[in-house]
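See below for the structure under consideration.
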Amino acid sequence: MNNKIWKKALISLSLPIIVFVIFYILQPSRFGDLRSMYMILQQAMLPSVMAWGLFFILTLGLWDFSLGGVMVLSGIVGGIIGLIGNAISPMLGYILMFTISITIGALLCFINGIVYIKLKIPSIVVTIGLLMIYEIFATIIPGTNGTGVSLYRNLSMFGRPPYNIIIGLLSMLLAYFLYDYTVIGIQVRAIGSNEIVAKSMGVQTEKIKVFAFVIAGIFVGINGAMTLSYTSMMIPQTSLASLGRIFSPVMGCMIGIIFQKYINPIIGILIGEFTITMLITGLMAINIDATIQKVVIGIFLIIVSGVVTRKRTV
């Protein structure tokens, strides 16, 4: 039994190990030292937090392309309120920034879920439409002049180690608990497996779908506060520019789903995001053009998907 567990763990970790070995051989002087790996882990935490929320929606067979806009809007509002609280005390500023960002994220994703359920049109269409609305709202927040928000350094603690890693790991534990040990998590998996059967067993599918959107919003709110702390500023984006913020979380979710036969998908998502971040860092280390990087990442995901899928069917 223990050998089987170790074998599954080794298979799951083989992906980042292979990527590490390849780039360490290609560029040992610029890649692979302990400090750079620590930086990669920090950078991987940001998309991982959003990916853990998105995963609940993807498990249902739905999509939410508005999450990038939700993150920006929640981060800006949380940052503004955090700055007001910071005038009283830094601790109050932190509490308000995270609390408001999470609240806004959950509220906006609740709206996403309700609109999707009521209109009964594809989630892709709903969330892209709402994304455009959220992007506009981010530019008209009173007092920002459309330029977003900038933090004082004493409000950016959670963008620096070890605090960003601690928040990331706590978020992973929360996602793990919600997905594996709560009724909502069980019912989300049931609906994703077979919605008709789940409904026949008494699962209130529409209610659970809305809950899944709200859970995604909570993690996006955490991501908004973390991203704001990391960059010290949040600038509104328009013309669907914030759509690009979900690409890395989607890729992390894909790897988590691909390897869920071997490891819990919540943990698999972190491994996936770490691998993708390491891949990007490695490509930069060997001076690969940004456009070519995207092509390589796409090929990488296709190869990984193909290899794992073939192993499952053999």
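What follows is calculated from the coordinates using simple rules that are stated; it is not laboratory data. Just so it is clear, the structure is predicted and the values come from calculations on it, not from any experiment. All Cβ positions, even for glycine, are placed from backbone atoms using ideal geometry, and neighbour counts span all protein chains on display.
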Long-range HN-HN contacts of residue 233 with modeled amide H, under 5 Å:
151
Ranked output for segments 268-274, 17-23, 165-171 by mean other Cβ atoms within 10 Å, highest leading, reads 268-274, 165-171, 17-23
Could you go through region 285-294 in sequence order and give the Karplus-derived ³J(HN,Hα) for each residue, using 6.51 cos²θ - 1.76 cosθ + 1.60 with θ = phi - 60°, rounded to whole Hz, and x for Gly and Pro?
5, 9, 6, 8, 4, 4, 5, 5, 4, 5
Let me check against my output: what whole-number percent is the relative contact order of the chain, with C-alpha pairs under 8 Å and at least 6 apart?
32
Fully extended contour minus Cα-Cα distance, from residue 9 to residue 176, at 0.36 nm per residue:
58.4 nm
Counting each DSSP H run of 4 or more residues in the chain as -39500 (n - 2.57), what helix-only mean residue ellipticity at 222 nm follows after dividing by all residues, to the nearest 500 deg cm²/dmol?
-26000 deg cm²/dmol
With DSSP loop assignment and no more than 13 other C-beta atoms within 10 Å, the trypsin sites (Lys or Arg not before Pro) in region 83-164 are 120
With charges only on Cβ, +1 for K and R and -1 for D and E, what is the dipole size of the chain about its Cα centre, in debye, rounded to 20?
720
With θ set to phi - 60° and the Karplus curve 6.51 cos²θ - 1.76 cosθ + 1.60, what are the ³J(HN,Hα) couplings of region 127-143 in order, to the nearest whole Hz, using x for Gly and Pro?
6, 5, x, 5, 4, 4, 5, 5, 4, 5, 4, 5, 8, 10, 5, x, x
Cα-based Rg and Dmax for the chain, where Dmax is the largest Cα-Cα distance (Å):
19.8, 63
Under the Karplus curve 6.51 cos²θ - 1.76 cosθ + 1.60, θ = phi - 60°, whole-Hz ³J(HN,Hα) for region 66-80, x wherever Gly or Pro sits:
8, 4, x, x, 4, 4, 5, 5, 5, x, 5, 5, x, x, 4
Ranked highest first by average number of other Cβ atoms within 10 Å, how do 24-35, 251-262 line up?
251-262, 24-35
